[in-house]
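Everything on this sheet refers to the single structure shown next.
The values are calculated or read from the model by the stated rules, or taken from the named source; none is laboratory data. Values in this document were obtained by computation on a predicted structure and should not be read as measured data. Using ideal geometry, Cβ is built from the backbone for each residue, glycine included, and neighbour counts are taken over all protein chains shown. Note: areas computed on protein heavy atoms with side chains; ligands, DNA, RNA excluded. Shrake-Rupley method; radii C 1.70, N 1.55, O 1.52, S 1.80 Å.
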Amino acid sequence: MAPGLASGADPGRWRLAQADSVPLSYFQGLTHSAAGSWFFDGITVGLFRTDRGLIQTAQEPNALTPDLTAQGFNHIGDLAWDAREGGRLLLPLECYVPGQPNGGNTCGRGAIGVADPATLKLRYAVALDPADIAKAMWAEVGPGGSELWTSSGRDLLAYDATAIAPGAPAPLHPVRRLVGAVPPSGVTGAAFYRGRLFLAGQDGGALQVWSVDVTGATPAVLELELPGVAAESEGLDVLDARGGVLHWLLAPFPPAGGKPTYGTGHSELLTFVPAADARLRVRVAPARAVAGRSAHVTVTVTERYAGRVHRVEGARVTAGAAHALTTPDGMAHLRVRRSGPGALRVTARKQRLLAGRSSVTFVRG
């Protein structure tokens, strides 16, 4: 069943943990390998690989072969990782020329390209039957790896991932169709989290992420909304990295125009953690000092999410007039002083995470 009308406010299920500016060429989507490398695509046909620190390790400016270009394919959407064939990238392909009839869809069909994650070169492509889907804008492999999900209009489609193979009979047909299951915000990118299909989009105006139960047992849920943010929704990924687990790629081209929230000339990768895990934890050493004297203290900031404790980089730590940012090891070093006995509060803050607090107790010498 189709989810209900879009909400006008963020439901508070996720909190922003990190915002990273990335090259504008990281434009359409992102995914990751089992080893943890990230893959981005854009602006239209390029492929890029980075480590978890977003340091680029490889690029292919044009991942499409001449025969695909001759067929009119000129656009890769939000890509997916699949473990088959020793690891492969699944590239949703479409023909898109802005301003042309049919919404810019100049060929009226879609395909799935298969690229090598090591070389970023295309291995082959498999056509999708245009009777089922007029263009492939995104792709995501389901839990267990047997299905590849995408959408057509307001319907979610699942293809047999094993059928995407060299010499496969073409064109492919979906093995499942969830009628009306696309959320009100549409879909620009997708990722599975705890068995639910998370879908990013902004057809209704607001940037939103919905989650859908692809078994149909439970209704769709609005997970996240970014009210007042001016940007274009792109890809989505789930990976324990950059201080969170849910990663949303935004491009600096708001559909309604105006000044993009995160600036121009680059894309923005937003990282979120579940709200239940969004509190910073602060430890101070030494925790006692002598009143009237300066003391050097080390502050360690951590956060527990995805089942383990993480050191937090980039948290702003304050204690009275002293302040510093935590380094990649989650530590900040402060010189503090209090004229008389008592507690000096130490606070750590970052993005929309809940602040963490501790204190240094000053005693008489």
Checklist line | Contour minus Cα-Cα distance for D213 and A9 (0.36 nm per residue) | finding: 71.3 nm
Note to self: Give me the dipole magnitude in Debye, nearest 20, for segment 291-344 about the Cα centre, with unit charges on the beta carbon: positive for Lys and Arg, negative for Asp and Glu.
What the structure shows: 200
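Using a Förster radius of 25 Å, what is the FRET efficiency between R283 and V221 based on their Cβ-Cβ separation? Nearest 0.05, please. Present the calculation step by step, with values, prior to reporting the outcome.
On the way: r = 35 Å, r/R0 = 1.41.
That gives a FRET efficiency of 0.10.
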Margin query: At 1.4 Å probe size, what's the solvent-accessible area of D20? Round to the nearest 10 Å².
Written below: 20
Checklist line | Percent RCO, i.e. relative contact order, over segment 171-235, from Cα pairs under 8 Å lying at least 6 residues apart | finding: 27
Check: Between A256 and T119, what FRET efficiency follows from the Cβ-Cβ distance if R0 is 25 Å, with the result rounded to 0.05?
Finding: 0.05
Next item on the list: Among V209, V45, V282, determine the one that fluctuates most according to a GNM of the chain built with springs between C-alpha atoms less than 10 Å apart.
Entry: V282
Notebook entry, point to check: Tell me, what is a quarter of the convex hull surface for the C-alpha atoms of segment 253-342, in nm² with one decimal?
Noted result: 9.1
Note to self: Can you find, among T188, V141, G320, the residue sitting farthest towards the positive end of the charge dipole of the chain, where Lys and Arg contribute +1 and Asp and Glu -1 at Cβ?
What the structure shows: G320
Margin query: Of the candidates G228, G110, G12, which one comes out as most mobile in a Gaussian network treatment of the chain with C-alpha springs shorter than 10 Å?
Written below: G228
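If Rh is defined by the Kirkwood formula over all Cα pairs and Rg also comes from Cα, what ratio Rg/Rh do you get for the chain?
Over the Cα atoms of the chain, Rg/Rh equals 1.06.
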Next item on the list: Provide D78, D329 ordered by accessible surface of protein heavy atoms (probe 1.4 Å), highest first.
Entry: D329, D78
Notebook entry, point to check: Which of A58, G12, V299 sits closest to the plus end of the dipole of the chain, meaning its Cα is farthest towards the positive end, when Lys and Arg get +1 and Asp and Glu get -1 on the C-beta?
Noted result: V299
Next item on the list: Please work out how much length the chain gains when fully extended from R352 to Q59, using 0.36 nm per residue of separation minus the C-alpha to C-alpha distance, in nm with one decimal.
Entry: 102.2 nm
Checklist line | Theoretical FRET efficiency, 1/(1+(r/R0)^6), r = Cβ-Cβ of T327 and E85, R0 45 Å, to 0.05 | finding: 0.65
Checklist line | Computed [θ] at 222 nm, helices only, for the chain once each DSSP H run of length n ≥ 4 contributes -39500 (n - 2.57) | finding: -500 deg cm²/dmol
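About the Cα centre of the chain, how large is the charge dipole given +1 on each Lys and Arg Cβ and -1 on each Asp and Glu Cβ? Please answer in debye to the nearest 20.
Details: 35 positive and 30 negative charges, 556 e Å.
So the dipole magnitude of the chain works out to roughly 2680 debye.
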Notebook entry, point to check: Over the Cα atoms of segment 177-234, what Rg and Dmax result, in angstrom?
Noted result: 11.1, 34
Item checked: Extension reserve of the A34-A165 stretch, reckoned as 0.36 nm per residue once the Cα distance is removed -> 45.2 nm
